[in-house]
Each structure stands twice: as C-alpha cells, then as structure tokens.
Amino acid sequence: MRLKNHIVILALLSVSVIFAQKKKTVAIAPKNQFISELLSRMTLDEKLGQLNLPTSGDITTGQAGSSDIAKKIKEGKVGGLFNIKSVSRIKEVQKVAIEQSRLKIPLIFAMDVIHGYETIFPIPLGLSSSWDMPMIQQTARIAANEATADGINWTFSPMVDLSREPRWGRVSEGSGEDTYLGSQIAKAMVNGYQNNDLKAKNSLLACVKHFALYGAPEAGRDYNTVDMSRVRMYNEYFPPYKAAVDAGVGTAMASFNEVDGIPATGNKWLMTDVLRNQWKFNGFVVTDYTGIPEMIEHGMGDLQNCSSLALKAGIDMDMVGEGFLSTLKKSLEEGKISMSDIDTAVTRILAAKYDLGLFENPYKNCDIDLAKKEIFSKENRDFARKVAAESMVLLKNDKNILPLKKSGTIALFGPLFDNKANMPGTWSVAANFDKPITILEGLKSTVGKSVNILSARGCNFLSTAAEEKININPHNPKSYVRDNRTDEELIAEALEVAKKSDVLIAVLGEGAEMNGECSSRSSIELPLVQKRLLDELLKTGKPVVLVLFTGRPLVLVEEDKKLSTILNVWFPGSEAGLAISDVLFGDVNPSGKLTATWPRNVGQIPIYYNHKNTGRPLNNKEGKFQKFLSNYLDVPNEPLYPFGYGLSYTNFEYSNLKTSSSKMNFSEKVSISVDVLNSGNYDGKEIVQLYIRDVVGSITRPMKELKGFKKIFLKKGEKQTVTFEISVEDLKFYNSDLQFVAEEGQFEIFIGKDSDATNKINLELVK
Ligand code: BGC
C-alpha cells in the first residue's frame, strides 16, 4: 500500500512538473494526504533543507544553474530564497529545484515588499497617517499584484510593531503608537496581500513581524533589550499581531529582541503558548535574519543548542543562520529533539507551498508578459500619488500661506527637493531609484507654466562625518550625494535665489537612511546644517514653508516656534513630487493625522497619549510646574503635537455630542453621535476620533484609548452627523489574570479631532 502511494505521488509530482512547464495546473491529492506522503519520502537532509531560507546570494540572470546556491538547491538543501528580483531569474532558479532536485519540491520566493513593490507608496508610518483602511488595503493589493507578477510568492510584511520610541529608526516601518489603529492596519494589510485566496496568481503570502515587542527597545537602540509586564503586552503591544493572525496571516517572523528574558527566536511561551495555542495561528514561523546564531550572543549557548531551542520553541524556518541545516541532525542523534519536531516544521512549510498552489504549478508567478503589464503601471502610479497626498500631515499653517497661489516666483531649497533616491524611503528593496518624481520635477509638471520655479541646494543633509555612517545602505547606495561646496558657499547661493522669489520652500529633514533598520538616533532634531539654512531663509523676511521629510516623530520645537508653515510629507514614494505639489497648491486639501506623538525633547520619551493617570497627576494642561506631582522641572508634560493631530486648509467644528442611552448592559449597543461642520473655505476630509476612558478598573486603566474613527468628506459649509456604535467588546481589556473582560462601572467617551479631545459623555456598563 505504502509503495503504491509512493508511486502515485511520484507520478503526480512529475505530471505536475510536465504540466507546469506548459503553464498548466494539475489536480493533486488533498493537502494532508499529499504532504504526509511527500514527507514519508524525504530523507532527513531533505527535510532540513526545507527549513532553510538563504538569500539569493550570487545568482545573476543566466547563471542560476551554476551559482553556489544552485548546488544546494539541487541537493535539496534550500526551502526558499529571498530578495531575488525579476521573474526571469526566479523562473531559472525554480527550474533548478523542479528539474534537478530529487523530490522536485518547489522553492518559495520571498522579498521585503514593505510599502509597495516598484510602485512605492509612502513609508508605513506615513500610510498609517491617512487612517484610510480601504486605501491602505489597496496599497497592499497593488504591491501584491506587482510582486507576484515578478515571481515573488511571499512578503515579509506587515510590520506591526507598536512603538512609542521615536529614537528607534524602525518606527518608520510601523503604524505608530496605537493598539487599536495598529490592529486595523494589520488586518487591512494582510487582507490586501493575501486577498483571502492564496491560490490565486496575484495573492502574496503575508508575514506578520516582528513577533514580538520589537518596537520597545531600551533607549531606542535597535536590537536592544525589551522588558515589559504581561499586562502591557496583552493590552497594548500584542493586539496588532493578533489582529494579523485573526485575519489569516500565513506566516510570522520572530523578532531579534528578548521577551521575558528569552530571545523571541527561542521563546516557547511566545511562539507556542501564545501564538499557536492561544491565538490558533497555524502557519509557519521564520526567524529574522540570522536570528538563530544571534542567540549565541544573547548568551543561550552554542549554535547547536540555539538551533534546537528555536525548533522546540516553535520556529519552522531558519533565515540565513543555517543553524538548522548544520546542527539539527546531531541534536536528533543525541535525543535533544525528535523527528516529530522536525516533521512538524517541515509540514507547516510544505502546507504553505501547497496553499499557494506551488505544487500544482511551481511557475505560477513566472509569466514574463504579466510582469511588463502590471509593474509600475500608470494606474498604480496614479494611485500612489493619491495615497501620498492623503498621508501628509499639515503641522502648522498659522498665516495661511498654504495653499500657495499658482502664480509668482517660488524657490526650492535643501538636500531633498531634487533627490530621486530619497523619495521612496527606507525598505524599498524592489524600487528603481531613478524613477521617483522629485519635487522640482513635480512642481514643474503641474504648475510650471504659471509659476516661475527657482532652486538652490542651500545645504547638505549632515556634516561630512555624520553622513558617512548613513551612506552605506546596500539597497540604496546613491541616496547621499554630497555637494562639495562649503556650507557658506551653499547658503550664499541660496540667499541670492531667495532674493528673486516670493515664497521660499525649504525641503528638509531626514534622508531615507536616517531611519529604518539600525538607524537609531539619540537626538531627533533637524541636523544643524539644515537648521542653519532655515534660519538664513527666515532672516530674509519672505514667507518660508518647511516641507519636512521624516521617518519618525522629530523634536521640532525650534522650527515650530520660528515658522508659520510646516507640511510633513514623510517619504511619499514614487510620485512624491506630484503629490507634494497637489497639497502645496491646494488641489488636495491635507487630511493626514499623526499616529505617533511628537515630543518636545528626547527626555520626554516614551511619550504617548494613552498613558495612565498615576497617583499624582498634574492637573493643568498649561504645564505649570507643581511640586510633588508627576511633572518635569524643565519641560511641560504635554507633547509638541499629540497623537491624532493634523490640520486642514479648512476648519471643522464639533457640536451636539449625544448618546442613545447613558446605560448599557453586556449585550446591548449604544450609539454615540456628534455633528461635524466644515466652517472654513475649502472642501476637505476630517478624521473623527472616538476615545474611551474606563474610569475605575481592577487594574489601572489608560486616560483614554482610541476605539473608533471615521474619515469623512465635507464640502465647505456642510454639516454631518457622525455616529459610532459602542458594544461591550469596546470596553474589554486583559485583567491581571490575563483574561479579556469588561467590568461594570463608569466610562467616559470623547469625540474630537485628535487625542486631546475633551468633549465627553458618560456611559455606565451595568449587569
Ligand atoms: C529585518 C527584517 C527583514 C529581514 C529580511 C532583517 O534584517 O529585521 O525586517 O524582513 O531582514 O530582509
């Protein structure tokens, strides 16, 4: 019987290969049967090979067959490859696996498709500032269309690490500080990538990362220690990961940091008790880059020990470390792990390949014509332009300098106004850095006929020494091209240009590699050379607009004091220049709102809106110091810009906050509504935010927590009633036994334009 099955399976596999080459798909056995039969034919080495995920290394087009990695693929020592780009190359490599390895198991091809593939959308922190879930989902869909058309099956996204740590460079890759918003975005991204149907040609397997708590490193230093209570994990940091799991994410990535004293990669409580047993995750878990060997440095023993620890904890695939490949055999012989531990991991990986339809057609993502049609299409770029404009946050516009008139002379300054390589921002692995539209190009093509546009560099990003450190990104080597003139020469030229102009636009801020992985900063102000240029421009007395690039909340106190106009554009992506022009000239009214608090100085960090009250709260918002209360001698408690903050060219007024009932039991729902009036002079979008405070609890509860939001469009003069429904689910939290409960008692509900909302109504939860 067994032998017969083997023959059937062999026949099926070879049939599938023959058909697949003709680009046809064949029917194969049901999943469990297919996998267990395949597993029974695998040698131990072949099993360990499936757990191995190297980078593509030395593969270049036309040489896949002779590359070093090809040798391993032929021997069945590779389960997948990552960061290999282009459909023709991927097809070549897949052919090696299908035609030259004994079992012909297809490879899975992964890439960091983080905020778009070749069509690049704003960095995730920017995307989150749109608070627009259908739009965010669509960005992931487009990324999936492009990536799958280019041979990719699997993306290392979404990154859902909640963070209140702007010193940490990777805040740029996440959705900010909030649990509720972060969870909504996690779900939207997974749905966008996987499209509820992994078999479809254009569905991309998603990977929620970095599990867990990577966004809370001590002192904001990347990869540093994390230590927090379980109550905080469950209530604040875990929900976005869980939301991705609930949305059916197919894979998860372990984080580099430790959790409760054990590196996440070897943490059984995290990977098995929480992820699999409590949350019912049934996909596979991959380590982060060299996560297993890094456990040696963490102090968890030698490579053999770390590898068996990781496998036992629930890790299935080893990214780059090759700890599984090189040591698990020995651990098996010594009885430290069992064959069933290995089989479990292999089964999960084969299951993902099965779900993707790769056994039926290993070349399902290898259609060369499709790549040409789908990637960087006009349609995708038009959408990217729209998304970029929706992500921008107007931080200040005191003198209504914005929107600009489409006439007169304007001048552009700074290291970013004509800089293609910096428009996409960090983690734009597949981007073509010659393609993004700069601000100079964008303005010329939109208003160039009616507006006279001048420009001068004015300054470099940083001083020479500091720039050297950030000029080393392998993915974007051209991002910091210095102008070798002295600071004085650059400023003198800028001032000459300023003299001839009506409005001065300073395009300043971080370069793409000043945030992202391993780009922690202990000072998060604008670099001195840039501040100096700004001061010189301000001295001219002409209107100055700061167009700010950043991947993190910055300390902007000085600029906020000196300038009347600040537009934060994050890193807007492929269509940067067009989107910036749309907002500057009022073709799009800005509506983005911050998803992370902007501190007044680094000493306030961590600073976030949903903090606890403490036993000695400061009861004045003006920041008046009071002895023996929880405050600072030298800075107010309040941030510069709160969570949820962002201006518009128009004005929104809130009134008539109402509830359908002031009491609710555990099975009822209550409607809360508010009237929003567009009382300004422009049509515009507003993000209406609802926050809840649980006044008394069995554990201390935050001052308020976001529990709902609606993005609405109002014509000028228009008024709309916005209604939210509250149920007991919105009042639940994890208590000290880590049970998810709602407790009877008083709640306060706030609705407003940002997290400072004071307009409130009371609600009582009764039995
Ligand atoms: C990062 C991950 C990324 C991986 C693969 C690591 O350094 O932490 O976010 O997915 O590399 O490129």
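The values are calculated or read from the model by the stated rules, or taken from the named source; none is laboratory data. None of the values given here were measured: they were computed from a predicted structure. Methodologically, a virtual Cβ is constructed for each residue, glycine included, from the backbone with ideal geometry; neighbour enumeration extends over all protein chains shown. Only protein heavy atoms, including side chains, enter the accessible area calculation; ligands, DNA and RNA are left aside. Shrake-Rupley method; radii C 1.70, N 1.55, O 1.52, S 1.80 Å.
Counting only Cα atoms, the size of the chain along its three principal axes is 84, 67, 48 Å, in decreasing order. Each other residue within a Cβ distance under 10 Å of LYS85 adds +1 if Lys or Arg and -1 if Asp or Glu, for a net charge of -1. Modelled spin labels at PHE666 and ALA492, positioned 7 Å past Cα toward Cβ, are 7.8 nm from each other.
Listed by chain and number, the aspartates and glutamates placed with their C-alpha closer than 20 angstrom to that of LYS72 are ASP45, GLU46, ASP58, GLU92, GLU99, ASP316, ASP318, GLU322; residues fewer than eight positions away on the same chain are left out. Computed from the Cβ-Cβ distance with R0 of 51 Å, the FRET efficiency linking ASP634 to SER450 stands at 0.55.
Taking every DSSP helix (H) stretch of at least 4 residues in the chain, weighting each as -39,500 (n - 2.57) and dividing the sum by the residue count yields a mean residue ellipticity at 222 nm of -9000 deg cm²/dmol. Here each label is just a point 7 Å from Cα along the line to Cβ, and for SER407 and LYS378 those points are 3.3 nm apart.
The simple Förster model, with R0 at 22 Å and r as the Cβ-Cβ distance, assigns ASP302 and ASN224 a FRET efficiency of 0.40.
Against the chain, whose longest principal axis comes from its Cα atoms, helix 2-21 is set at around 50 degrees. The largest-to-smallest principal axis extents of the Cα set in the stretch 571-631 are 52, 20, 18 Å. Rounded to the nearest 10 degrees, the inclination of helix 378-391 to the longest alpha-carbon principal axis of the chain is 50 degrees. Helix 31-41 axis versus longest C-alpha principal axis of the chain: approximately 50°, rounded to the nearest ten. Sorting GLU622, GLU705, GLU294 by solvent-accessible area of protein heavy atoms yields GLU622, GLU294, GLU705, largest first, with a 1.4 Å probe. Are any of the pairs LYS561/LYS593; LYS280/LYS704; LYS562/LYS707 more than 24 Å apart by Cα-Cα distance, and if so, which? Check vs 24 Å cut-off fails for LYS280/LYS704; LYS562/LYS707. Would you mind calculating the gained length between LYS767 and LEU44 on full extension (0.36 nm times residue separation, minus the Cα-Cα distance), in nm to one decimal? Residue separation times 0.36 nm, minus the Cα-Cα distance, leaves 254.5 nm. The radius of gyration of the Cα set in the stretch 650-765, together with its Dmax, comes out at 15.4, 53 angstrom. Label sites at PHE740 and GLU334, each approximated as a point 7 angstrom past Cα along Cα to Cβ, lie 4.1 nm apart.
Per-residue extension of 0.36 nm, minus the Cα-Cα distance of LYS627 and GLU725, leaves a gain of 31.1 nm for this segment. Based on Cα contacts under 8 Å between residues 6+ apart, the chain shows a relative contact order of 13 percent. Computed from the C-beta positions of ALA200 and ASN83, the FRET efficiency with R₀ = 25 Å rounds to 0.60.
Taking 0.36 nm per residue of separation and subtracting the current Cα-Cα distance, fully stretching the chain between ASP260 and LYS280 would add 5.1 nm. Summed over the residues of the chain and divided among them, the accessible surface reaches 38 Å² per residue at a probe radius of 1.4 Å. For ILE296, the solvent-accessible surface computed with a 1.4 Å probe is close to 70 Å², ligands and nucleic acids excluded. Across the stretch 711-739, the residues whose backbone nitrogen lies under 18 Å from the label position 7 Å along the beta-carbon direction of VAL231 are 731-739.
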